[in-house]
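Report on one structure; see the data block that follows.
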Amino acid sequence: GGFREASHITRSINITWDSTSLLNLVIRRALFNEAIVKFYGVDPALVLASVEEQQKLFYRIFPDQVDAGARKSTTLDWMLTRTMDGSKQSAPRELIHLLSAARDQQLKMLEVGADEPPGEAMFDRTALKAALPIVSSIRFQQTLCAEHPNLKPLLESLEGEKTQQTPLTLAKIWKVKESEAVANAEKLVDVGFFEKRGTKEEPVFWVPFLYRDALHLVQGSAE
């Protein structure tokens, strides 16, 4: 007759992905390609047995940074923050999509005569940057709006606006009272479009990198 209350137990399971597990996912996919294994001269079993070896291979395939600078993040951190929604969780689907889109962009660059990535890297930072708007658009249209069509008007009205909003600025954009603007913003927090920051008395609503390109959002705080 089945396991009683199984559905309740299933709903309580929450699978989370941290940076180590996502790194492992990327490297496993890379090692599945025999040409990559041969090119870098690695033993898949030894690489997968060590996080350190996975990191070494990752940074042989990719540049150290996407945005150069002493205070800028490493490439892996850049990938994870760019595929993270308002819940601060990076989704494997978006990470893999980013890498697939970066591969396509890199091939296009090579086809038109662009320089090959430096050293033994397979990806140039330009290809990674060019891939992000593609991922952003697909995630916004085919996941967020498709799963929450009732929220689409609220989302689309934010096009071209600043990445950080307050109840007052949202009330102006949506042409509603502040109390209703907060209620609407909380709905967008629940679906991962906004990350709620600030305090309980003075909340601010911040759009993660994942959705910025899709709506042509402008970096900064609305006034």
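The values are calculated or read from the model by the stated rules, or taken from the named source; none is laboratory data. What you are looking at is a predicted structure, and each value in this text was computed from that prediction instead of being measured. Methodologically, a virtual Cβ is constructed for each residue, glycine included, from the backbone with ideal geometry; neighbour enumeration extends over all protein chains shown. Calculation scope for accessible area: heavy atoms of the full protein, side chains included, ligands and nucleic acids excluded. Shrake-Rupley method; radii C 1.70, N 1.55, O 1.52, S 1.80 Å.
Before moving on, here are some points about what is shown:
- Filter result for P208 (within 30 Å of L76 (Cβ to Cβ) and either at pLDDT below 95 or acidic (D, E) (or both)): no
- Single match in L158, L151 (criterion: in a loop (DSSP other than H, G, I, E, B) and open to solvent by less than 20 Å² (accessible area, probe 1.4 Å)): L158
- Filtered residues of segment 25-42 (kept if surrounded by 13 or more Cβ atoms within 10 Å (Cβ to Cβ), over 24 Å from the mean Cα position of the chain (by Cα) and part of a helix (DSSP H, G or I)): I36, V37, F39, Y40
- Within segment 111-129, being over 19 Å from Y40 (Cβ atoms), open to solvent by 70 Å² or more (accessible area, probe 1.4 Å) and either among the β-branched types (V, I, T) or without any contact (Cβ under 8 Å) to a residue 60 or more places away in the chain (or both) holds for E111, V112, D115, T126.
- Lone unmet requirement of (1) open to solvent by 20 Å² or more (accessible area, probe 1.4 Å); (2) within 13 Å of D85 (Cβ to Cβ) for F193: (1)
- Meets criteria (modelled with pLDDT of 95 or more, open to solvent by less than 40 Å² (accessible area, probe 1.4 Å), polar (S, T, N, Q) and in a helix (DSSP H, G or I)) for Q106: yes
- The set of residues in segment 43-83 that are over 22 Å from R212 (Cα atoms), open to solvent by 50 Å² or more (accessible area, probe 1.4 Å) and assigned to a loop (DSSP other than H, G, I, E, B) comprises D43, A49, D64, A70.
- Checking each residue in segment 111-155 for being charged (D, E, K, R) and within 17 Å of A101 (Cβ to Cβ) picks out E111, D124, R125, K129, R139.
- The set of residues in segment 161-181 that are buried (at least 19 other Cβ atoms within 10 Å of the Cβ) and hydrophobic (A, V, I, L, M, F, W, C) comprises L170, A171, A181.
- Qualifying residue in segment 170-193 (condition: outside any helix (DSSP H, G or I), closer than 19 Å to L217 by Cα and touching a strand residue (DSSP E or B) at 6+ places or on another chain (Cβ under 8 Å)): no
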